[in-house]
Structure formats: C-alpha cells, structure tokens
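This report concerns only the one structure given below.
The values are calculated or read from the model by the stated rules, or taken from the named source; none is laboratory data. Since this is a predicted model, take the numbers as computed values, not measurements. Cβ sites come from the backbone with ideal geometry, for glycine too, and all protein chains shown count toward neighbours.
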Amino acid sequence: MSKLPPEGHAVLVSQKDVTLPIGEVVGNGTQFRNFYHLCPSVTEDFLVLSGGRSSALSLNTVEQFMYREDGRTLRFKYVVEGVSLFFTQDARQRLEDASVNKGGVTLSSPEVYESTVRRPAFYADNISEVQKRIDLNAQFKCIWREHERTGNFYSVLTNQLSERITDLSAKVQHSGLTTKEELLKRLRGSYTRAFIASQLASRFIYCVGLGAPEFSFSEFVEELVGGKKEVLRTEC
C-alpha cells in the first residue's frame, strides 16, 4: 500500500465503505473486485488484463465493458488479453479487431526447460534464442493468411491453429524423431519429446496453415534435416 502513488488505490475484498481518491465510495470490496472492469468511469488508452476471474466478460456484459455511459464512446482504445481466461469466446469475437501474441507462454516454457538443465553458461547463451523464438511465435502471417483464405475470426483461427499444433505434436512425440543422444543426456525423455514435438508441429502449421495435408509433414522434416529450412527462421 505504501508504494501506491497518490492517485492509486487498493480495495480488499474484506473492506466496506472505502472512499477512493476520486471521491467514489466502494460499499463492498467483493463486489468491487467482481465488477470493477465494468465501471463506466474507468477509461484508459490501454487495458492490460494479466489476471482476473474466469469468464468475467461474456456476451451479456461485453457491451457494458466496451462503452461509457453514453453507449457510444469507447472506454479503451486497446485491450491486451494477457491471460486467456478473462473473455469467453463469444465475447472475444464481439470485440475482435486483431489478434496479437505478446510472447508470455513462449517466455515461460524456456524458463522451465532451462531450470532442468541447471547450467548457467547454457542459460546465458540461450537468451538470444529465446528472444528470437518470441519474435517468431509472435508473427501474425499465418493467422492473417488463414483469415484471408477463410474469412473466419482471428480468435477462432488462433484456437484452430493451437488444436492442430497440439494434435501434430502428440503424434511427433510417439515417432522416432526425438531420440538424439546429446539431448537425451541433458534432459529427461519426456521433456525432450515434448520440446521437439511442439517446435516441429508449430513450425509446420505456421508455415503451411490449416489446409495442408499431414503427409507433407515428412517433406517438411526432411528439409529441416537437410538444412533447407531452419526452425528459428521467421520465413517459411
């Protein structure tokens, strides 16, 4: 609390009748937490949602979330969904204007991977690769291409791409592509299989999109092994 600026405030769920710096009185802390995002007086250029209650915004509340009291003026110019639980899918489609990957999951996954290796030099050398991978996974070209081809919502395409990647990743884990000896020396087999499978699957789907037959995956892997493609390239 002591670190809050003069205009900042915090309201605990256990508190009642709290007066905010703007003069507004919060009667109930729990209700304030549950419905603060719907308060029409709260307006900013950017809203970054990095937590919250699951499905807090649905099709029933999204209009109230979008506009001020006049029903026309937008409360926020940009909304960044830092976690995927805040919006229901139908609310996401109502709000949709663009789809942006901010790289949080990409950053978290290598952190888990590196903690199992426990080699400081390896960790330091890997920072640049993590940055490249964030840039690569944040590329919008595949979603944009699929949107142009199908006309589907970006949020729908994002889910479809994730499902295809997950499905192909599971198949790769049970193939013979994850048995390189050097990797097996450093990591447990389950980590190795999951890591290699997810990278191959995501690169393939991002490159070819949703319409390509899976038998072309073998050709894709052959090009990787032959050096014709690179896993960390931003172009396919």
Is it true that some residue in the stretch 27-34 is modelled with pLDDT of 85 or more, hydrophobic (A, V, I, L, M, F, W, C) and surrounded by fewer than 14 Cβ atoms within 10 Å (Cβ to Cβ)? no
Only one of SER50, SER128 is under 23 Å from THR158 (Cα atoms) and modelled with pLDDT under 80; which? SER50
Under 6 Å by Cβ, and 6 or more places apart or on different chains, what pairs join a residue from the stretch 195-209 that is under 12 Å from VAL221 (Cβ atoms) with one that is outside any helix (DSSP H, G or I) and among the aliphatic types (A, V, I, L, M)? GLN199/VAL231; ARG203/VAL231
Just the residues that are in contact with a helix residue (DSSP H, G or I) (Cβ under 8 Å, 6 or more places away or on another chain), exposed (fewer than 13 other Cβ atoms within 10 Å of the Cβ) and either of a type outside the set (S, T, N, Q) or closer than 27 Å to THR73 by Cα (or both), please, taken from the stretch 13-26. VAL13
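Does GLU69 satisfy the criteria of being surrounded by fewer than 13 Cβ atoms within 10 Å (Cβ to Cβ), under 30 Å from GLN93 (Cβ atoms), touching a Pro at 6+ places or on another chain (Cβ under 8 Å) and of a type in the set (Asp, Glu)? Spell out how you get there, then give the answer.
Numbers: surrounded by fewer than 13 Cβ atoms within 10 Å (Cβ to Cβ): yes; under 30 Å from GLN93 (Cβ atoms): yes; touching a Pro at 6+ places or on another chain (Cβ under 8 Å): yes; of a type in the set (Asp, Glu): yes.
Yes, satisfied.
Sort through ALA197, ALA170 and tell me the only one that's modelled with pLDDT of 70 or more, surrounded by fewer than 18 Cβ atoms within 10 Å (Cβ to Cβ), in a helix (DSSP H, G or I) and of a type outside the set (Lys, Arg).
Exactly one of ALA197, ALA170 is modelled with pLDDT of 70 or more, surrounded by fewer than 18 Cβ atoms within 10 Å (Cβ to Cβ), in a helix (DSSP H, G or I) and of a type outside the set (Lys, Arg), namely ALA170.
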